[in-house]
Amino acid sequence: MKQNAQLTRHTGTVAATLACLLVAGCSAGSTTDGDSSGSSDKSDLKIGLNAEPANLDMTKTAGAAIPQALLYNVYENLVKLDQSGKIQPQLATSWSLSKDRKTYTFQLVKDAKFSNGRPFTAEDAKFSIERVKTAWTIAQKGQMSVVDTVRAVSPTELKVTLKKPSNDWLYRMTTRVGAMFSRTGVDKLATDPVGTGPYEVKEWNRGDSITLARRDDYWGRTPHFASVTLKYFKDPTAMNNALRSRAINVIGTMQTPESLDQFQNDPQYKVIEGTTNGEVLLSLNNGSGPLKNLKARQAVRYAIDRKSLLETCWGGRGKLIGSMVPPTDPWYQNLNNDYPYNRGKAKKLLKESGVAGQTLRLRVPTLPYATACGTVVKSQLEQAGFKVKFDQLEFPAAWLSTVFKNADYDMSIISHVEPRDMQTVFGDKNFYTRYDNPEFRALLQKADQGTQKEQITYMREAARLLSKDAAADWLFLQPNLMVANKGITGLPVNAVSESLDLTGLGRS
């Protein structure tokens, strides 16, 4: 099955920001051409973000901040997502799939080089794919478990044979697990990433910024900006002020939606509003504590007035979806009415559960949406009879250690921004949600191995089962809210991938 995949890499599209845990933005210029930045060097780009990476090794460190900064910019994949969510070539020029749907044959570019000077070949691709299974430690490594063998046929041809047909595998190759690494460049990934991309990490001032520099020896199309600084803000108001004072050039994901009016009414700026993959979860610990009880989890879902919550804590911006599937995925269905707000039902179920009187620990990361929505969740649950202790954990270190790694919580609030992440978040009983349902995992397996029509059918059934089990409460889908100097081009309306792709940004 030949894919219609011409070499269209770096064509000026932006594969999207990572929304919700992250904030991205772009570009410098002068007021004479519609860009209000005070920077004198128009080839520089300054980006405001709100979640700094703990380190730069995405093979061992979870979270969205690392691939947001590095994927498609420092690291490249065989294939990537464009802004519409379609798979496009990157280091592969084309690919084909065997009749039994198990063997992919990739034709690779001939002239790509890593930033350490070594050429990229099929042996590096083989090394990178196999290394996910042997050396990676984050949950996403399981997405490569379907791979049986990898063979470098020649320096520019790669064959990957799967254990069974998989609708999902090629899509996963557009994410962090599909990043290509140098065989001689993986010793210091936490501080010195080595990739084939158009940028390399020039400087990291911890707690402040990461600077990417454009490579003179890059093999592909040269991106517009020679230098990109990713500047991190813990205070969203400070980030807004930085844009107004021309210290940064774009707010990629607005963390104070109520502040949009000040930019919408100013001709110096443009506001972009679209959608993301960022499902904001009220995560529930299904494996231990009071919420191991189904009726208690159902009571939580009935107790949350999601429409009121969205208006109160996020300015009404976002979409109520009721599931782990955003509208940009083909198996989306609106499950918002599965547990409509009903305080009376919540109180009844809480009483029947036998856990009334026990205190639920709501432990949220110090991220604007989580802390703002956390106070609303606490209030609504207490009105339904729950006892709630509200803790704010420093992000990323404390939250990742306490909640994500050790599951020492009853409830949390976090936006899961990785694309098509229902399996990652709920398909592994050891993941921090501790959801363990063999029927759910069987549905995922049927979806992956079936026809495309069957994939949609089974994925929808899996999403409905998650909702029925009250495995979490889906508060809302984060919007892609960006504010930029009006001269900046190439900004995405929808955030559909893990990457903030800098290669298509420019200035008019």
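For the pair A398 and D148, label points projected 7 Å from Cα toward Cβ lie 5.0 nm apart. Look at the dipole of segment 243-384 built from charges on Cβ: of L360, N336, A372, the Cα furthest out on the positive end belongs to L360.
Go through H224, Q264, A346 and say which Cα lies farthest out towards the positive end of the charge dipole of the chain; charges sit on Cβ, +1 for Lys and Arg, -1 for Asp and Glu. After comparing all options, I get A346.
Here the dipole of segment 190-329 is about 440 debye; that uses its Cα centre as origin and unit charges on the Cβ of Lys and Arg (positive) and Asp and Glu (negative). Here the accessible area of segment 151-202 is 46 percent carbon and sulfur, with a 1.4 angstrom probe and all protein chains present. Computed with a 1.4 Å probe over protein heavy atoms only, the accessible surface of the chain comes to 37 Å² per residue.
Each Lys and Arg Cβ is given +1 and each Asp and Glu Cβ -1; about its Cα centre, the chain then shows a dipole of about 1220 debye. As a length-normalised measure over Cα pairs under 8 Å and 6 or more apart, the relative contact order of the chain settles at 25 percent.
From its DSSP helices (H runs of at least four residues, each -39,500 (n - 2.57)), the chain gives a residue-normalised ellipticity at 222 nm of -6500 deg cm²/dmol. For the chain, the average shadow cast by the Cα convex hull is 21.5 nm², which is a quarter of the hull's surface. Based on C-alpha pairs under 8 angstrom that are at least 6 apart in sequence, segment 224-331 has a relative contact order of 20 percent. Within the accessible area of segment 340-387, the carbon and sulfur atoms contribute 50%, probe 1.4 Å, all protein chains present. The share of accessible area on segment 441-496 that comes from carbon and sulfur is 48 percent, using a 1.4 angstrom probe.
The values are calculated or read from the model by the stated rules, or taken from the named source; none is laboratory data. Bear in mind the structure is a predicted one, so any value in this text is a computation, not a measurement. Using ideal geometry, Cβ is built from the backbone for each residue, glycine included, and neighbour counts are taken over all protein chains shown. Note: accessible area is taken over every heavy atom of the protein model, side chains too, but ligands, DNA and RNA are not part of it. Shrake-Rupley method; radii C 1.70, N 1.55, O 1.52, S 1.80 Å.
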